[in-house]
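Notes follow once the structure below has been shown.
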Amino acid sequence: MPPHAANLTHAIQLTEHGVTLALPLPQTPLKTQQWVAQFGARFALNLGEPDWGADRYQIALSNEVVSCLLCIEWLCEAIWLEPLGASQSPQQLHRYLIDRLKTENA
């Protein structure tokens, strides 16, 4: 389950190519699916079709404001989001996530 908004705000970090989530990785495929569903619901994002690999998971997340690819890689021990589409930027994605958390706390 994604952490509380205050902890999540600190976990969301802007990078050159996207947004990293400094969070513990889900430990099983079921926990991954549950975590992604909760993350999508929390940020009002629709889930695309998941793509599983040997040590990775990817899924497109989108709504009318943002579109991104959520990547979880167990070998790298990392979770990150990459903006999709030429009109999206890492800064826009980061701002969207932070603004949603601020609204949640209001």
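The values are calculated or read from the model by the stated rules, or taken from the named source; none is laboratory data. Computed from a predicted structure; not experimentally measured. Glycine also receives a Cβ, built like all others from the backbone with ideal geometry; neighbour counts cover every protein chain displayed. Each accessible area value is taken on the protein alone, full model and side chains, heavy atoms only, with ligands, DNA and RNA left out. Shrake-Rupley method; radii C 1.70, N 1.55, O 1.52, S 1.80 Å.
A Cβ distance below 6 Å, combined with a sequence gap of six or more or placement on separate chains, defines the contacts here; from region 21-49, residues that are assigned to a helix (DSSP H, G or I) reach residues that are surrounded by fewer than 14 Cβ atoms within 10 Å (Cβ to Cβ) in the pairs Q38/M1. Selection of region 50-106 for residues being part of a loop (DSSP other than H, G, I, E, B), touching a residue at least 12 places away in the same chain (Cβ under 8 Å) and open to solvent by 90 Å² or more (accessible area, probe 1.4 Å) yields L75, E77. Taken residue by residue, region 59-73 has no member that is at pLDDT below 95, of a type outside the set (G, A, S) and touching an Asp or Glu at 6+ places or on another chain (Cβ under 9 Å). Within the span defined as region 26-38, every residue fails to be open to solvent by less than 50 Å² (accessible area, probe 1.4 Å), closer than 18 Å to E77 by Cα and touching a His at 6+ places or on another chain (Cβ under 9 Å).
Within this structure, G18 passes the test of being in contact (Cβ under 8 Å) with a residue 60 or more places away in the chain and either touching a His at 6+ places or on another chain (Cβ under 6 Å) or among the small types (G, A, S) (or both).
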